[in-house]
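To start, the structure itself, in structure tokens.
Just so it is clear, none of the values below were taken in a lab; they were calculated from the coordinates. Because the structure is predicted, anything quoted here is derived from the model rather than measured. FYI the Cβ positions are ideal-geometry reconstructions off the backbone, even for glycines, and counts take in every protein chain you see.
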């Protein structure tokens, strides 16, 4: 990034991934992880500023710099679902970074943003915990919102949107929560991934990631 110009420089673009791959922690065969960048270097700094320092344009900006590669084919999702925060955390931070990202994508792709899931309780920051502690920390922390009609979502496809994929504990818990809806597909889209899977797990680096036949 260069000063206040709000562009992503070539150094940051070099952190870009092949975009679509299966990650070993994903619990369902019908799900896959889609991501743009490695969570390191200047990209990591930009995401930190976006998430914690109120620099809200930076998240959508990182999407905007590479999103064209995803738009050569129809986007096969019925709903975008941001990872929810508790009301207390949202008030404290002033915004939900995942919802900002989902709202940007919704406007660009004309896909509605969903509100199917709520976060019931505060949890400790995942970055401070080991793998086992992360799972216990999040266990039971999400729930379907009251009034969600499970029959309305049977066979639909959903894209969970967040800023960073780390160990996958958050998404495992979201899968458990969403599973009763009978969705045909639950994929994950993040700005960055902390530990990129090996090249052999790439679905198809030569094709746009959002391809219903590519998974």
Check: Among 46, 56, what is the fewest-to-most ranking by other Cβ atoms within 10 Å?
Finding: 56, 46
Checklist line | Burial ordering of 67, 188, 47, fewest other beta-carbon atoms within 10 Å first | finding: 67, 47, 188
Next item on the list: Mind sorting 61, 144, 34 by how few other Cβ atoms lie within 10 Å of their own Cβ, fewest first?
Entry: 144, 61, 34
